[in-house]
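Scroll down for the structure; my scribbles are underneath it.
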Amino acid sequence: MDRFTISLDEKLAQEFDAWIAARAYANRSEAVRDLLRAELERGRQAHASSQLCVACLSYVFKHHERDLGERVTQLQHAHHELTVASMHAHLDHEFCLETVLLRGPTAQVRAFADAVCAERGVMHGKLNLISVDQGGGHGPHSHLGHHSYHGRHDDAQHQHLTPST
């Protein structure tokens with residue numbers, strides 16, 4: 001682990017310590033590491049150096065909006081290779097919250113999220129995207145003959161996605 005020292009003026013140090021306390025960080029080092037990771041991730045995404053991602057798309061929508069459920073479902077089916085899972089929660093008699101877990105090429109995930117959020121009746125859409133690399137340099141593969149955690153042989157093709165660091 002590399003160590004370095006930074007100097008902060010008193011006001012900035014006090015504001016930083018208040019920020020750390022509000023988020024319940026154990027120490028300044030953990031907070032600085034998270035800030036650096038977040039900034040490096042923003043840079044990767046801004047410069048399109050991220051080719052693959054995992055993402056969480058959350059949005060609130062009007063339950064009774066004409067054909068909205070069907071339109072969103074059609075979008076998910078049209079992009080089934082991106083959609084991992086979804087969860088639906090009823091907020092009240094009019095509004096629902098849906099969260100969709102996604103993975104795949106960053107540009108396609110962003111385009112899918114934009115299409116969902118642009119649907120009439122969808123509001124408060126937010127995409128949380130994390131760049132990933134294909135872990136260990138392996139492409140799609142299977143673990144032939146290995147037992148999965150379900151006790152059956154795991155022969156399905158899959159890939160390991162590791163968060164970019």
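Tabulated results
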item	result
Charge dipole (the stretch 52-135, unit charges on Cβ, about Cα centre) - positive-most of ALA115, VAL72, PRO105	PRO105
Rounded D (µm²/s) - the stretch 1-113, Kirkwood Rh over Cα pairs, Stokes-Einstein at 25 °C, 0.890 mPa s	139
Relative packing of peptides 97-109, 11-23 - highest average C-beta neighbours within 10 Å first	97-109, 11-23
Residue order, fewest to most surrounding Cβ atoms within 10 angstrom, among VAL32, VAL122	VAL32, VAL122
Tail weight of P(r) past 21 Å, computed on alpha-carbon pairs of the stretch 54-130, percent	18
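Where a number appears in this text, it was derived from the coordinates with a stated rule and is not lab data. All values derive from a computational prediction rather than experimental measurement. Backbone-built Cβ (ideal geometry, glycine too); neighbour counts: all protein chains shown.
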